[in-house]
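Below is one structure; the comments refer to it alone.
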Amino acid sequence: MRDPVVREAWRELLLSLLPKAPASVVDLGCGTGSLAVLLAEAGDGVCGVDLSRRMLALAEEKAAAEVRVEFCQGDAADPPCPIKAFDVVLVRHVLWAMPDPAAAVARWVELLRPGGRLVLIEGRWSTGAGLTAAECEALVRSDRQEAHVRKLDDPALWGAEIEDERYAVVSRA
């Protein structure tokens, strides 16, 4: 997220999907930490989890220059995080790659405090990879009472026009 327009679009999106700061957020499959850093800048307490040591090194470098984010190595499908410890579980472009997506969602829900929010950012890409919004929503509804889909078709989020299906599924209960 080096493009300031893309970065600002993601900041605005995340702030509209998450509770007001300060919230306790875990960013699973955080990669280079772009979303974790954006949320920490907004005043949230953020823990980023990624399996790749190399990605975590880049994330730590990015955060060190700007804010404090706790990063730890672990599998996003079964993160090394305490149960009922977070206001928000945020996962971007990870669920579609899980060997057992239903088990991953169930585990992620366990991490939420009562009233916590599950935020999944996913897509069904032009290559055929990914999950449709309906598939993702159904996975969430198997463990939660509600889930809402929000299309993410704003070119500002991606740096260009998109043709595939990109969305967020947000569950508050």
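Candidates 68, 124, 54: the one that is at pLDDT below 95 and basic (Lys, Arg) is 68. Residues that are touching a residue at least 12 places away in the same chain (Cβ under 8 Å) and either surrounded by fewer than 13 Cβ atoms within 10 Å (Cβ to Cβ) or among the aromatic types (Phe, Trp, Tyr) (or both) within region 155-164 comprise 158, 163, listed in sequence order. Of the strands (runs of 3 or more DSSP E) lying entirely inside region 41-147, those containing at least 3 residues that are open to solvent by less than 30 Å² (accessible area, probe 1.4 Å) and farther than 22 Å from residue 166 by Cβ are 45-50.
Applying the criterion of being acidic (Asp, Glu) and more than 19 Å from the chain's Cα centre (by Cα) to the residues of region 53-75, the residue that is farthest from residue 41 (Cα to Cα) is 61. Listed by first and then second residue, the pairs with beta-carbon distance under 7 Å, at least 6 apart or on different chains, first residue in region 138-149 and among the basic types (Lys, Arg), second loosely packed, with under 14 Cβ neighbours inside 10 Å, are 144/173.
Residue by residue, here is whether (1) among the acidic types (Asp, Glu); (2) at positive phi holds:
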{"residue": "132", "(1), (2)": "no, no"}
{"residue": "146", "(1), (2)": "yes, no"}
{"residue": "151", "(1), (2)": "no, no"}
{"residue": "159", "(1), (2)": "no, yes"}
{"residue": "167", "(1), (2)": "no, no"}
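The values are calculated or read from the model by the stated rules, or taken from the named source; none is laboratory data. For clarity, every value in this text was computed on a predicted model and none was experimentally measured. Glycine also receives a Cβ, built like all others from the backbone with ideal geometry; neighbour counts cover every protein chain displayed. Ligands, DNA and RNA are stripped out before the accessible areas are found, and what is left, the full protein with its side chains, is counted by its heavy atoms. Shrake-Rupley method; radii C 1.70, N 1.55, O 1.52, S 1.80 Å.
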